[in-house]
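A short worksheet on the structure shown next.
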Amino acid sequence: MIRDITIGQYYPTNSYIHRLDPRVKILSTFAYIISLFLIDNYIGYLIVALFIYTITKVAKIPLKFILKGLKAIFIIVLFTVILNVFMAPGETILYEFGKVKVTLEGIKLAIRMVSRLVLLIIGSSLMTLTTSPIELTDGIESLLKPFSKIGVPAHEIAMMMSISLRFIPILLEETDKIMKAQMARGADFESGGIIKRAKALIPILVPLFISAFRRADELAMAMEARCYRGGENRTRMKELRYESKDYIALSIMAILVVVTILI
Amino acid sequence: MAIKLENLTYTYNPGTPFEKKAMSDVNIHIPKGQFVGLIGHTGSGKSTLIQHLNGLIKPTSGNIYINGRNIHNKDEVSIKDVRQQVGLVFQYPEYQLFEMNIYKDVAFGPENMGLSKEEVKERVHKALSMVNIGEDMFDKSPFELSGGQKRRVAIAGVLAMEPEILILDEPTAGLDPKGREEILGQVSKMHEELGITVILVSHSMEDVAKYVDRLVVMKGGKVELDGIPREIFNHIEELEDMGLAAPQIRYIMEELSAKGMDVKKDILTVEEAADIIASYLKKGGIRSDS
């Protein structure tokens with residue numbers, strides 16, 4: 001179940017996009033999101049859609065994989081359509097029964113909202129599909145660095161992100177183990193009403209929390225034992241450096257933003 | 001209570017790039033009341049195998065019979081009964097403790113079986129006394145206990161279901177020598193007194209040499225060797241190739257005989273070796289068993 005959600009999963013192909021500097025990808029995603037909100041006509045959406053399709057091809061990510069990820073937001077899309085079609089104010093009434101009116105403006109608005117939403121999700125998931133979690137946190141840390149002068153804990157935020165990402169598979173495995181152990185003692189998670197099922201979760205949740213705290217404690221000790229004291233004076237094995245391909249990518253993004261503003 | 005495994009095969013994530021065969025074509029027959037040791041290198045399929053025995057994992061192919069009944073055939077036996085008959089103690093079982101006090105935690109299993117309050121009480125008392133936890137501790141939180149005590153309480157949680165087959169996955173991992181001795185001694189005592197079948201997964205050759213009647217060695221998801229410990233430990237080289245070993249005392253006896261002492265080599269425990277060496281010396285260098 002949990003494994004079916006493909007949004008944000010890293011998909012390694014070592015393409016041109018994968019090899020870009022993570023900072024470029026983060027900034028580009030921001031630029032992309034802003035330009036999506038600046039667009040106010042269909043040609044703009046078409047251009048952005050073509051752009052994102054090209055990126056997907058260059059990144060060698062199968063379209064199927066991305067569409068599968070969209071399944072998770074299907075409900076939100078449906079909700080947006082219904083809300084916009086029936087609630088938007090408008091003059092040109094196409095259909096009317098009782099108090100519910102379907103207007104041309106409403107349908108237009110719904111189309112725009114849905115394209116915006118879908119393009120938004122695909123665009124931002126492309127970033128996580130092509131960037132490994134470690135690169136991503138490195139990029140965020142490096143981008144936040146200038147703000148540390150005004151008290152933003154750049155390194156700490158990045159470290160928290162990478163630790164939480166690292167812990168997801170560990171906790172999943174742990175849950176599986178505890179579930180099996182309790183099932184061996186006759187626990188039943190599958191039958192009964194909602195209250196009975198909620199109660200049946202206690203034998204899983206209590207040990208899971210305890211083990212999460214224990215692991216956090218041990219990790220903190222292990223980090224301190226290796227002289228971790230925050231980001232100060234810490235050097236890196238892999239320094240992030242902008243290369244020519246990164247400048248090319250940034251220029252392409254700049255062109256896209258300008259085009260969307262002009263249209 | 002016999003266990004019969006027939007052509008058991010299990011594949012993780014079949015049909016995906018992560019496909020991995022954890023067990024292939026395993027055939028084992030364990031008669032009632034046997035004390036079986038299961039050894040093998042990490043990743044040899046031991047844990048996968050034991051999780052099959054109470055139906056936590058369903059085999060990709062093959063059959064599991066407990067007492068002649070196929071456990072995945074709902075008409076023959078319910079999975080709930082199987083889990084009651086086959087008690088499985090996982091590695092580091094203390095991490096599954098969750099209740100407010102020891103009594104309640106041990107009662108979790110029997111309560112799931114739907115027993116009456118009196119029966120639950122009786123079983124909890126019995127199980128906890130088997131692992132040497134006194135009545136004065138019953139109201140303590142399981143999280144206040146020492147590592148060895150926690151482990152014993154967790155084992156009692158399985159014992160309280162009164163299984164006829166007890167499976168322990170490395171019950172002594174991470175314990176000090178005294179804790180190891182206590183737990184294995186109690187398991188062995190239960191095996192003798194109650195006549196239950198015991199399967200012990202272990203990385204300690206000394207432990208299996210001391211307690212088990214039969215040894216099953218796994219490698220790469222297959223049963224590599226199967227026989228009595230004295231016999232299995234004759235295959236020292238094969239065991240070493242698998243990343244295992246014979247008990248240390250065995251190596252000492254090999255060294256002694258290489259140095260010219262004519263002593264029996266296929267021994268299992270330190271006590272046995274001591275007797276043999278003592279009688280060898282007393283008789284002035286004459287082998288006593290021949």
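For the subset of the stretch B:144-161 comprising residues that are touching a residue at least 40 places away in the same chain (Cβ under 8 Å), more than 10 Å from chain A (Cβ to nearest Cβ) and touching a Gly at 6+ places or on another chain (Cβ under 8 Å), which member is surrounded by the most Cβ atoms within 10 Å (Cβ to Cβ)?
Of everything passing the filter in the stretch B:144-161, B:Leu159 is surrounded by the most Cβ atoms within 10 Å (Cβ to Cβ).
Taking the stretch A:225-246, which residues are part of a helix (DSSP H, G or I) and either assigned by TED's automatic domain parsing to the domain that holds A:Ile52 or of a type in the set (Ser, Thr, Tyr) (or both)?
Result: A:Ser244, A:Lys245, A:Asp246.
When you go through A:Ala249, A:Ala222, A:Ala198 one by one, which is the residue that is small (Gly, Ala, Ser), modelled with pLDDT of 90 or more and not assigned by TED's automatic domain parsing to the domain that holds A:Ile26?
That would be A:Ala222, the only listed residue that is small (Gly, Ala, Ser), modelled with pLDDT of 90 or more and not assigned by TED's automatic domain parsing to the domain that holds A:Ile26.
Sort out which residues of the stretch B:53-85 are in contact (Cβ under 8 Å) with a residue 60 or more places away in the chain and more than 9 Å from every other protein chain (Cβ to nearest Cβ), and write them in order of number.
Passing the criteria: B:Leu53, B:Ile64, B:Tyr65, B:Ile66, B:Asn67, B:Gly68, B:Gln85.
Would it be correct to say that A:Lys196 is over 30 Å from B:Asp169 (Cα atoms), open to solvent by 50 Å² or more (accessible area, probe 1.4 Å), within 14 Å of chain B (Cβ to nearest Cβ) and not acidic (Asp, Glu)?
Yes.
Looking at (1) in contact (Cβ under 8 Å) with a residue 60 or more places away in the chain; (2) open to solvent by 20 Å² or more (accessible area, probe 1.4 Å), which is the one condition that is false for B:Val216?
Status for B:Val216: all satisfied but (2).
Take the stretch B:20-37 and flag every residue that is on the phi > 0 side of the Ramachandran plot and open to solvent by less than 40 Å² (accessible area, probe 1.4 Å).
Within the stretch B:20-37, B:Gly33 is the sole residue that qualifies.
Mind checking whether some residue in the stretch A:166-185 is more than 12 Å from chain B (Cβ to nearest Cβ), modelled with pLDDT under 90, open to solvent by less than 80 Å² (accessible area, probe 1.4 Å) and over 24 Å from the mean Cα position of the chain (by Cα)?
No; the residues of the stretch A:166-185 include none that is more than 12 Å from chain B (Cβ to nearest Cβ), modelled with pLDDT under 90, open to solvent by less than 80 Å² (accessible area, probe 1.4 Å) and over 24 Å from the mean Cα position of the chain (by Cα).
Residue check: is B:Thr42 within 14 Å of chain A (Cβ to nearest Cβ), of a type in the set (S, T, N, Q) and under 19 Å from the mean Cα position of the chain (by Cα)?
no
Would you tally the residues in the stretch B:250-272 being modelled with pLDDT under 85 and over 19 Å from B:Ser204 (Cα atoms)?
6
Among the residues of the stretch B:104-119, how many are more than 10 Å from chain A (Cβ to nearest Cβ) and touching a residue at least 24 places away in the same chain (Cβ under 8 Å)?
1
Could you list, in sequence order, the residues of the stretch B:86-103 that are within 11 Å of chain A (Cβ to nearest Cβ) and open to solvent by less than 40 Å² (accessible area, probe 1.4 Å)?
B:Val86, B:Gly87, B:Leu88, B:Val89, B:Phe90, B:Pro93, B:Glu94, B:Gln96, B:Leu97, B:Phe98
Consider B:Glu206 against the criteria (1) open to solvent by less than 10 Å² (accessible area, probe 1.4 Å); (2) closer than 17 Å to B:Gly40 by Cα: it satisfies all of them except one. Which criterion is unmet?
Among (1) open to solvent by less than 10 Å² (accessible area, probe 1.4 Å); (2) closer than 17 Å to B:Gly40 by Cα, B:Glu206 violates only (1).
Any residue at all in the stretch B:93-103 that's of a type outside the set (Asp, Glu), touching a Pro at 6+ places or on another chain (Cβ under 6 Å) and assigned to a loop (DSSP other than H, G, I, E, B)?
Yes, the stretch B:93-103 has at least one match.
Where in the stretch A:89-201 are the helices (runs of 4 or more DSSP H), entirely inside, with at least 3 residues that are more than 30 Å from A:Leu78 (Cβ to Cβ)?
Once the helices (runs of 4 or more DSSP H) in the stretch A:89-201 are filtered for at least 3 residues that are more than 30 Å from A:Leu78 (Cβ to Cβ), what remains is A:133-144, A:154-184, A:194-200.
The values are calculated or read from the model by the stated rules, or taken from the named source; none is laboratory data. The structure presented is a predicted model; accordingly, all values stated were derived computationally and were not measured. Please note: Cβ atoms are built from the backbone with ideal geometry, for glycine as well, and neighbour counts cover all protein chains shown. Heads up: the accessible areas ignore ligands, DNA and RNA and are worked out on the full protein's heavy atoms, side chains in. Shrake-Rupley method; radii C 1.70, N 1.55, O 1.52, S 1.80 Å.
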